1. Among helices (runs of 4 or more DSSP H) lying entirely in the stretch 100-216, which contain 3 or more residues that are of a type in the set (Asp, Glu)?
2. Is it the case that the stretch 134-141 has a residue that's surrounded by 21 or more Cβ atoms within 10 Å (Cβ to Cβ) and not aromatic (Phe, Trp, Tyr)?
3. Quick one: which of Val7, Val62, Val56 is within 21 Å of Ala149 (Cα to Cα), more than 15 Å from the chain's Cα centre (by Cα) and buried (at least 24 other Cβ atoms within 10 Å of the Cβ)?
4. So if I check each of Glu217, Glu191, which one is modelled with pLDDT under 90 and open to solvent by 50 Å² or more (accessible area, probe 1.4 Å)?
5. Mind checking which pairs have a first residue in the stretch 37-63 that is at positive phi and a second that is not in a helix (DSSP H, G or I), Cβ under 6 Å, 6 or more apart or different chains?
6. Out of all the residues in the stretch 161-176, is one or more open to solvent by 30 Å² or more (accessible area, probe 1.4 Å), among the β-branched types (Val, Ile, Thr) and in contact with a helix residue (DSSP H, G or I) (Cβ under 8 Å, 6 or more places away or on another chain)?
Amino acid sequence: MEKIALVTGASRGIGKATALALARDGWTVHVNYIRSREAAEAVAAQTGGMAICADVSDGQAVSAMFEKIGPLDLLVNNAGVAVYGLLTDLDPAVWQRLFDVNVTGMYNCCRCAIPPMVHVKAGHIINLASILGTNGASCEVAYSATKGAVVAFTKALAKELGPSGIRVNCVAPGCIDTDMIANLSPEDKAELADSTSLCRMGTAEDVADAITLLASERARFVTGQVFGVDGGLLI
């Protein structure tokens, strides 16, 4: 039986790696994007799904996306944005944008994905959190706050949907070498690597493999969990 997944923000980084890893594990994966059409289409060509442009913070756009793709077996809420700087310097519009994408975007997608899952009493939702969602970080208050919301959302939704046979988990990456930290110097990256127990930065594939494991039957009794992928940064 065909297994259908949607990964949001999947034209690059962790989203792309996740879509490709799921496809290797037998999933047909739809690829959501907002700007990078050619990159998204290239990923979708390898995953058997559609590349669909939609800003997840826009409820109407998300509803239209779900009308195109139909019921899902798996939703991976990966789309996210980040900002670095002092809270007192943060423009209110930037603060709102982080919550619109990182939190409301997750809500919009879940709201569309859940009813068909409840109907068949099966399904899985995986949300991308961060170690900052539980520990926070200086100069990343807004991002930390949104990821803390992802953790709480995940735990509450797992309790709500468990009786319907639907699992809800989140993955909390640590220091992952993606575009989000591309502006860091080699020295800063080396310092981050040294702070982990495994003495290296994580890769998008490290996170993708964890998501694929959670999405599989091997994790069939796992729900409401925060799955750390941080190389032992937090122990």
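The values are calculated or read from the model by the stated rules, or taken from the named source; none is laboratory data. Keep in mind that this is a model prediction, so the values were computed, not measured. Positions of Cβ are backbone-derived with ideal geometry, glycine not excepted, and every protein chain shown enters the neighbour counts. Surface areas here come from the heavy atoms of the whole protein model, side chains and all, with no ligands, DNA or RNA. Shrake-Rupley method; radii C 1.70, N 1.55, O 1.52, S 1.80 Å.
1. The helices (runs of 4 or more DSSP H) meeting that bar are 186-194, 204-215.
2. Within the stretch 134-141 (the criterion being surrounded by 21 or more Cβ atoms within 10 Å (Cβ to Cβ) and not aromatic (Phe, Trp, Tyr)), the answer is no, since none of the residues qualifies.
3. Val62
4. Glu191
5. Between residues of the stretch 37-63 that are at positive phi and residues that are not in a helix (DSSP H, G or I), the close pairs are Gly48/Thr28.
6. no
Yes or no, residue by residue, for (1) assigned to a helix (DSSP H, G or I); (2) within 22 Å of Cys112 (Cβ to Cβ); (3) of a type in the set (A, V, I, L, M, F, W, C):
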position: Ala10; (1), (2), (3): no, yes, yes
position: Leu20; (1), (2), (3): yes, no, yes
position: Asn32; (1), (2), (3): no, yes, no
position: Arg35; (1), (2), (3): no, yes, no
position: Ala45; (1), (2), (3): yes, no, yes
position: Gly49; (1), (2), (3): no, yes, no
position: Pro71; (1), (2), (3): no, yes, no
position: Val76; (1), (2), (3): no, yes, yes
position: Ala82; (1), (2), (3): no, no, yes
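Rundown of residues vs (1) at pLDDT 95 or above; (2) closer than 30 Å to Asn183 by Cβ; (3) open to solvent by less than 30 Å² (accessible area, probe 1.4 Å), yes/no style:
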| residue | (1), (2), (3) |
| --- | --- |
| Ile34 | yes, yes, no |
| Ala39 | yes, yes, no |
| Glu67 | yes, no, no |
| Asn78 | yes, yes, yes |
| Leu86 | yes, yes, no |
| Asp91 | yes, yes, no |
| Phe99 | yes, yes, no |
